[in-house]
């Protein structure tokens, strides 16, 4: 179910009002396969999720980066936030774009 959010502040409000327990961050690898990871809502930070990005190890994703230069960022799109209907606990899923740290160039 879509949350009908267009801004990060609207997603934050929906998370607080919906008694959400987890945030699931989704993105695709170079082959189009969905990748994701979930974080407890206690670790939710609006700026990290929607502005500055969440760091991750790109070498762990098929086709992304070598281990020597594996730092990457995920920046989520608030318009993609939705209540995940298959999770056992109340979870908001959101789709992220992948960026190079520093330059913020899209990967």
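The numbers here are math on the coordinates, done by the rules we state, and not lab data. What you see is a predicted model, and the numbers here were worked out from it, not measured in a lab. Here the Cβ positions follow ideal geometry from the backbone for every residue, glycine too, while neighbour counts run over all protein chains shown.
Can you pull out the residues in the range 87-107 that are in contact with a strand residue (DSSP E or B) (Cβ under 8 Å, 6 or more places away or on another chain) and closer than 18 Å to residue 21 by Cα? Steps first, please.
So the first thing to find is which residues in the range 87-107 are in contact with a strand residue (DSSP E or B) (Cβ under 8 Å, 6 or more places away or on another chain), and the list is 87, 89-101, 104-107.
Within the range 87-107, 87, 89, 90, 91, 92, 93, 94, 95 qualify.
Rundown of residues vs (1) in a strand (DSSP E or B); (2) over 23 Å from residue 105 (Cβ atoms); (3) more than 14 Å from the chain's Cα centre (by Cα); (4) touching a residue at least 40 places away in the same chain (Cβ under 8 Å), yes/no style:
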{"residue": "6", "(1), (2), (3), (4)": "no, yes, yes, yes"}
{"residue": "14", "(1), (2), (3), (4)": "no, yes, yes, yes"}
{"residue": "37", "(1), (2), (3), (4)": "yes, no, no, no"}
{"residue": "48", "(1), (2), (3), (4)": "no, no, no, no"}
{"residue": "51", "(1), (2), (3), (4)": "no, no, no, yes"}
{"residue": "56", "(1), (2), (3), (4)": "yes, no, no, no"}
- Note on the structure: Given (1) surrounded by 14 or more Cβ atoms within 10 Å (Cβ to Cβ); (2) under 11 Å from the mean Cα position of the chain (by Cα); (3) farther than 12 Å from residue 92 by Cα; (4) touching a residue at least 12 places away in the same chain (Cβ under 8 Å), residue 26 misses just (3)
- Filtering the range 2-17 down to residues that are surrounded by fewer than 16 Cβ atoms within 10 Å (Cβ to Cβ) and touching a strand residue (DSSP E or B) at 6+ places or on another chain (Cβ under 7 Å) yields 2
- Search the range 65-86 for residues being touching a strand residue (DSSP E or B) at 6+ places or on another chain (Cβ under 7 Å), part of a loop (DSSP other than H, G, I, E, B) and touching a residue at least 40 places away in the same chain (Cβ under 8 Å), and hand back the single one that is farthest from residue 40 (Cα to Cα). 81
- Only residues in the range 88-100 that are in contact (Cβ under 8 Å) with a residue 60 or more places away in the chain and at negative phi count as the first member; pair them with residues that are assigned to a strand (DSSP E or B) and exposed (fewer than 15 other Cβ atoms within 10 Å of the Cβ), Cβ under 7 angstrom, at least 6 apart or cross-chain, and list the lot. 97/106
- Task: Could you tell me whether residue 20 is in contact with a helix residue (DSSP H, G or I) (Cβ under 7 Å, 6 or more places away or on another chain) and in a loop (DSSP other than H, G, I, E, B)?
- Result: yes
